[in-house]
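Below is one structure; the comments refer to it alone.
Values in this text are rule-based calculations from the coordinates and carry no lab data. As the structure is a prediction and not an experimental result, all values here were calculated from the model. Here Cβ is always computed from backbone atoms with ideal geometry, including for glycine, and neighbour counts include all displayed protein chains.
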């Protein structure tokens, strides 16, 4: 089903395929922390990161190593042939001769789709500019599956819904699960109209508001994203807006007992650190789930049985 | 009062009829007829039509269209018909067909798309025809274009 398949955008997946990946992640989760496996022994993963990354890069590396595989990486673009002006297309052709699978993060949108056209080995998109980051979406879905429920889900997405690539991919994937989606953002950062039209076309129950308190009490999952300062013309406007979307102990007063809070991280000040110790906080667990999900993706595209 | 035709029949060439009103000048642009040109061309805009309320028509003498020109016209005037005229008679009449995908015809509107770089890649779009207004989706960055498509033609 997945052998040799490129992982580029959530739009390429059916619900059955997503479920298959999540089941594989569940089967491999034990190898993410307690013990290791050697199912990927002798396989090499090439990590091409043209942009900074912490969690994505480290969790891919952890995933590969925990399953017995090896990793090679381009240390920095300054120290590689990219600095000499080499085309990405050529780099991909060359690295494809060294490795069995390539994980790519690149600042240009569509760079991974183009790379997939050039490559004989599977390409996994680890973020293409403001485009897609499918393994982030998969680990978000996995977190919901493990810590809440993907069925009859009532999810609230808060923050920068206009520019946040995480949100766009997640919203699309959630539409496959018929989730009820509430979108909470300042007006200047609301979700792009073409994404909203897509959801309406798919008959997804979408509710938009600028007030967090309108939807908090109904939420099973609250997914928080960062509002970036640079989106606002002046600092005072930013501070006013950012403050009204901050999750604090006070904002949890009327929430469901089993509501979970997620965040793709890094967090700046969207969630008060007091919230970290509540049972609702699942963002660090979410970061951990990146490992089993990436184990699942790597093992599937490399055609390995578990 | 003597009735006159707005545009006289042509002997040989192509008549592009049922063009979306207001798009005649963009059709000429697609045909490379801009600025100074030797081409014998007539264009009428926003005239009454039996099928739709109004339409544009372009007549080009001694010229037949290339497939990529027809693809481009289909994007901005999906109801257009292409009539090949030989010796004043309609020799062939075809409705433009909107393809499912187009390659090398439209430039992606996203300046940060890989198709707008020096990488060896040709722009490719899928065409969503399910709505009244067509929508192009870049297969690389997935950005959509549904308005002012003519502005994005290569």
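Put simply, the C-alpha atoms of the stretch A:14-56 give a gyration tensor, and the ellipsoid matching it has half-axes of 22, 18, 12 Å, longest first. The mean count of C-beta atoms from other chains within 10 Å of the C-beta of residues in B:141-147, rounded to a whole number, is 5. A simple spin-label model places pseudo-atoms 7 Å from Cα toward Cβ; at residue B:95 and residue A:117 they are separated by 3.1 nm.
In terms of Cα atoms, the Rg and Dmax of the stretch A:9-140 work out to 14.9, 43 Å.
Over the stretch B:85-136, the pair-distance histogram of Cα-Cα distances with 10 Å bins from zero comes to 20, 34, 22, 17, 7 percent, rounded to whole numbers.
Give the residues of the stretch A:152-177 whose amide nitrogen is closer than 16 Å to a point set 7 Å from the Cα of residue A:15 in the direction of its Cβ. Only A:152-155, A:171-177 pass the distance filter.
Taking 7 Å steps out from each Cα toward its Cβ at residue B:133 and residue A:35 produces label points 6.0 nm apart. The Rg/Rh ratio of the stretch A:214-274, with both radii computed over alpha carbons and Rh defined as the Kirkwood radius, is 1.00. Take each residue in A:101-113, count the other chain C-beta atoms within 10 Å of its C-beta, and the mean is 5.
Quote the FRET efficiency, to the nearest 0.05, computed for residue A:23 versus residue B:148 with a Förster distance R0 of 56 Å and r equal to the Cβ-Cβ distance. So, using R0 = 56 Å, E works out to roughly 0.80.
For n ≥ 4 DSSP H runs only, could you compute -39500 (n - 2.57) per run for the protein assembly as shown, divide by its residues and tell me the 222 nm figure to the nearest 500?
Rounded to the nearest 500, it is -9000 deg cm²/dmol.
Using a Gaussian network model on chain A with a 10 Å cutoff between Cα atoms, which of A:101, A:167, A:268 fluctuates the most? Comparing A:101, A:167, A:268 in the GNM, the peak value goes to A:268. Counting Cα-Cα pairs of chain B in 10 Å increments starting at 0 gives whole-percent bin shares of 11, 37, 32, 16, 4, 1, 0. The slack in the chain from residue B:64 to residue B:34, taken as 0.36 nm per residue of separation less the alpha-carbon distance, amounts to 9.1 nm. Placing a label point 7 Å from the Cα of residue A:97 along the Cα-to-Cβ direction, the residues of the stretch B:107-128 with a backbone N closer than 19 Å are B:120.
Ellipsoid fit via the Cα gyration tensor, the stretch A:197-306: semi-axes of 29, 19, 18 Å, each the root of five times an eigenvalue, largest first. Across B:44, B:15, B:34, mean-square fluctuation computed from a Gaussian network of chain B (C-alpha pairs under 10 Å connected) peaks at B:34. Within the listed set A:69, A:164, A:243, the residue fluctuating most in the Gaussian network model of chain A (springs between alpha-carbon atoms under 10 angstrom) is A:243. Within the stretch B:29-62, find all residues whose amide N lies under 13 Å from a label point positioned 7 Å from the Cα of residue B:12 along Cα-to-beta-carbon. Backbone N within reach: B:61-62.
Against the empirical 2.2 N^0.38 Å (N residues), the protein assembly as shown has a Cα radius of gyration ratio of 1.18.
Spacing of the modelled spin labels on residue A:218 and residue A:277, each 7 Å from Cα toward Cβ, amounts to 3.3 nm. Summarise the partner chain shielding of B:119-128 as one whole number: the mean count of Cβ atoms from other chains within 10 Å of each residue's Cβ. Taking all residues of B:119-128 together, the mean is 3. Take every pair of alpha-carbon atoms less than 8 Å apart whose residues are at least six positions apart; their mean separation over the length of chain B yields a relative contact order of 21 percent.
Return the Rg/Rh ratio of the stretch A:154-236 with Cα-based radii and a Kirkwood Rh. Each step should come with its number before you reach the end.
Details: Rg = 12.4 Å, Rh = 13.0 Å.
Computed over Cα atoms, the ratio is 0.96.
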